[in-house]
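Peer 1: Below is one structure. I have some questions about it.
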Amino acid sequence: MDPIKLLVIGGSGFIGNHLLEEGLKRDYEVFSLSLGNRETKKNVKNLVADLTKEDTLQKTIAEYSFDYIIHCGGYINHTPFSSGGENVIQEHLNSLYSLVKVLKKDRLKKFLYIGSSDEYGNSPAPQNESMREAPISPYSYAKAAASHFLQMLYRTEKFPASIARLFLTYGPGQDDKRFLPQIIKGCLDDKEFPTSQGEQFRDFCYISDTVDGCFRILDSEKSSGEIFNISSGEKVTIRAMIEEVTRIIGKGKPLFGKISYRVGENMELYADISKARNILGWKPKVSLKEGLEKTINYYKS
């Protein structure tokens, strides 16, 4: 019997790597597509292509037919349009058009696109999937436009797309440049480090819960054409997060107020996850305290 084939686009990244691991646990035949020749997991077939170059993308994946595709490629980038944001749109949106064009669709059961809470812009919290998006950067615009493009394809051509709109996923293996790893490393080194006042409310989701939510979407017959918030559904201030990390580690010197808030930043960005609960039967299992302890132990070792 032909095994189920899973392609994770951006498999060498933090979330992608954990998605690959879950695919292997399910005994899928697992592929990773990345920009560079980066090794991922043992027993993963690594493919290399630039999504913005349709001809090379075509050559790379033309021979394969996949059952499931999870697209978490691209980098978070808040560059304004006047400072190079057009390239961000090219990377996140135009490349999606090329990808959909060259994919074999004969056995495709689900195409899961990883969206972002940034799509909500300054919408009031808790944000839910029925709200009109209000992007505040080329990155969030591209993510919102990609969501609408895929939903249009589902409505008009029954392309089996779904969108997982992630809030702040964290956990072992996250890029050192991201917020939480920077805070943890600053505390472990007992350094002074600048932060904002930290009054923003945010929603942090441990990586295993994010992965579980994504695979629930793949497994559901009711998820095609739908957007799902995947997060903890619990709000916490950035300041409280930093103070909890310093408490667990026992050292660290955050300098609150040394960094300004981003222009247009939403001060209350946390999810309503009732849709994922009701349709997918999904709910997060890892508490913030447990998730932080696991993450800190990873960086300690």
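Peer 1: Residue by residue through segment 224-270, note down the ones that are in contact with a Pro (Cβ under 9 Å, 6 or more places away or on another chain) and among the hydroxyl-bearing types (S, T, Y).
Peer 2: Those that are in contact with a Pro (Cβ under 9 Å, 6 or more places away or on another chain) and among the hydroxyl-bearing types (S, T, Y): S224, S231, S232, T246, Y270.
Peer 1: Every residue in segment 54-69 that is open to solvent by 30 Å² or more (accessible area, probe 1.4 Å) and either in contact (Cβ under 8 Å) with a residue 40 or more places away in the chain or under 18 Å from P135 (Cα atoms) (or both), please.
Peer 2: Correct list: E54, Q58, A62, Y64.
Peer 1: Just checking, how many residues over segment 98-154 are more than 30 Å from T237 (Cβ to Cβ) and out of contact with any helix residue (DSSP H, G or I) (no Cβ under 6 Å at 6 or more places or on another chain)?
Peer 2: 18
Peer 1: On to the next question. Where residues in segment 108-122 are modelled with pLDDT of 95 or more and part of a loop (DSSP other than H, G, I, E, B), which of them is least open to solvent (accessible area, probe 1.4 Å)? Outline the logic, then answer.
Peer 2: The initial filter retains those residues of segment 108-122 that are modelled with pLDDT of 95 or more, namely 108-117, 119-120.
Next, only the ones that are part of a loop (DSSP other than H, G, I, E, B) stay: 108-109.
Values: L108: 22, K109: 105 Å².
Looking at residues that are modelled with pLDDT of 95 or more and part of a loop (DSSP other than H, G, I, E, B), I get L108.
Peer 1: Right, something else. Applying the selection to segment 138-159, what residues are open to solvent by 20 Å² or more (accessible area, probe 1.4 Å) and either small (G, A, S) or more than 20 Å from E268 (Cα to Cα) (or both)?
Peer 2: Filtering segment 138-159 for residues open to solvent by 20 Å² or more (accessible area, probe 1.4 Å) gives 141, 145, 148-149, 151-152, 154-158.
Hits for segment 138-159 are A145, H148, F149, Q151, M152, Y154, R155, T156, E157, K158.
Each row is one residue, and each column tells you yes or no for (1) within 18 Å of N94 (Cα to Cα); (2) out of contact with any Pro (no Cβ under 7 Å at 6 or more places or on another chain); (3) open to solvent by 70 Å² or more (accessible area, probe 1.4 Å).
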position	(1), (2), (3)
L6	no, yes, no
I9	yes, yes, no
G13	no, yes, no
L19	no, yes, no
E22	no, yes, no
R26	no, yes, yes
L33	yes, yes, no
N43	no, yes, yes
L47	no, yes, no
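Peer 1: Within segment 9-30, can one find any residue that is touching a Gly at 6+ places or on another chain (Cβ under 9 Å) and more than 23 Å from Y206 (Cβ to Cβ)?
Peer 2: Yes, some residue in segment 9-30 is touching a Gly at 6+ places or on another chain (Cβ under 9 Å) and more than 23 Å from Y206 (Cβ to Cβ).
Peer 1: What pairs come out if I take residues in segment 129-145 that are basic (K, R) and pair them with residues that are part of a helix (DSSP H, G or I) whose C-beta lies under 6 Å away, six or more apart or interchain?
Peer 2: From segment 129-145, the pairs are K143/E119.
Peer 1: Sticking with this structure for a sec: Just one of (1) within 23 Å of K101 (Cα to Cα); (2) of a type outside the set (F, W, Y); (3) outside any helix (DSSP H, G or I) trips up T169, so point out which.
Peer 2: (1)
Peer 1: Residues that are closer than 26 Å to S220 by Cβ, at least 2 per element: which strands (runs of 3 or more DSSP E) completely within segment 1-101 meet that? Spell out how you get there, then give the answer.
Peer 2: Working: elements: 5-9, 29-34, 45-48, 68-71.
Where strands (runs of 3 or more DSSP E) fall fully within segment 1-101 and carry at least 2 residues being closer than 26 Å to S220 by Cβ, they are 5-9, 29-34, 68-71.
Peer 1: Separate question: List the number of the failed condition for L93; all other conditions in (1) buried (at least 17 other Cβ atoms within 10 Å of the Cβ); (2) in contact with a Leu (Cβ under 7 Å, 6 or more places away or on another chain) hold.
Peer 2: Answer for L93: the failing condition is (2).
Peer 1: Moving on to the next point. I need the full set of residues from segment 250-301 which are β-branched (V, I, T), modelled with pLDDT of 95 or more and more than 26 Å from K185 (Cβ to Cβ), in order please.
Peer 2: Going through segment 250-301, the residues β-branched (V, I, T) turn out to be 259, 263, 273, 279, 286, 295-296.
Applying the additional criterion that residues be modelled with pLDDT of 95 or more yields 273, 279, 286, 295-296.
Result: I273, I279.
Peer 1: Moving on to the next point. Can you tell me which residue among N266, N229 is in contact (Cβ under 8 Å) with a residue 40 or more places away in the chain and in contact with a Lys or Arg (Cβ under 6 Å, 6 or more places away or on another chain)? Give the derivation first.
Peer 2: Numbers: N266 fails: in contact with a Lys or Arg (Cβ under 6 Å, 6 or more places away or on another chain).
Testing whether each residue is in contact (Cβ under 8 Å) with a residue 40 or more places away in the chain and in contact with a Lys or Arg (Cβ under 6 Å, 6 or more places away or on another chain) leaves just N229.
Peer 1: Would it be correct to say that D176 is touching a helix residue (DSSP H, G or I) at 6+ places or on another chain (Cβ under 9 Å), within 24 Å of K251 (Cα to Cα), without any contact (Cβ under 8 Å) to a residue 24 or more places away in the chain and assigned to a loop (DSSP other than H, G, I, E, B)? Steps first, answer last, please.
Peer 2: Values: touching a helix residue (DSSP H, G or I) at 6+ places or on another chain (Cβ under 9 Å): yes; within 24 Å of K251 (Cα to Cα): yes; without any contact (Cβ under 8 Å) to a residue 24 or more places away in the chain: yes; assigned to a loop (DSSP other than H, G, I, E, B): yes.
Here the answer is yes, as D176 does meet what is asked.
Peer 1: A further question follows. Hey, does segment 70-79 have a residue that's buried (at least 18 other Cβ atoms within 10 Å of the Cβ) and hydrophobic (A, V, I, L, M, F, W, C)?
Peer 2: So the first thing to find is which residues in segment 70-79 are buried (at least 18 other Cβ atoms within 10 Å of the Cβ), and the list is 70-74.
So of that shortlist, the ones also hydrophobic (A, V, I, L, M, F, W, C) come out as 70, 72.
Looking through segment 70-79, at least one residue is buried (at least 18 other Cβ atoms within 10 Å of the Cβ) and hydrophobic (A, V, I, L, M, F, W, C).
Peer 1: Among the listed residues F204, F179, F167, which satisfies the condition of being closer than 16 Å to I15 by Cα, modelled with pLDDT under 95 and not charged (D, E, K, R)? Before you say what the answer is, go through the steps one by one.
Peer 2: Working: F204 fails: modelled with pLDDT under 95; F167 fails: modelled with pLDDT under 95.
Matching residue, one of F204, F179, F167: F179.
Peer 1: Please go through segment 254-301 and give me each residue that is basic (K, R) and touching a helix residue (DSSP H, G or I) at 6+ places or on another chain (Cβ under 8 Å), ordered by number. Walk me through it before giving the result.
Peer 2: Going residue by residue through segment 254-301, those that are basic (K, R) are 258, 262, 275, 277, 283, 285, 289, 294, 300.
Of everything in segment 254-301, those that are basic (K, R) and touching a helix residue (DSSP H, G or I) at 6+ places or on another chain (Cβ under 8 Å) turn out to be K283, K285, K289, K300.
Peer 1: Here's something else I'd like to know. When segment 173-189 is examined, which residues are found to be crowded, with 19+ Cβ neighbours inside 10 Å and closer than 26 Å to A271 by Cβ? Walk me through it before giving the result.
Peer 2: From segment 173-189, those crowded, with 19+ Cβ neighbours inside 10 Å are 174, 180-181, 183-184, 186-187; that's our starting set.
Result: Q174, L180, P181, I183, I184.
The values are calculated or read from the model by the stated rules, or taken from the named source; none is laboratory data. Computed from a prediction, not measured in an experiment: that's the story for all the values here. Neighbour counts are summed over all protein chains in view; Cβ atoms, including those assigned to glycine, are modelled from backbone coordinates with ideal geometry. What goes into the accessible areas is simple: the full protein's heavy atoms, side chains included, and nothing from ligands, DNA or RNA. Shrake-Rupley method; radii C 1.70, N 1.55, O 1.52, S 1.80 Å.
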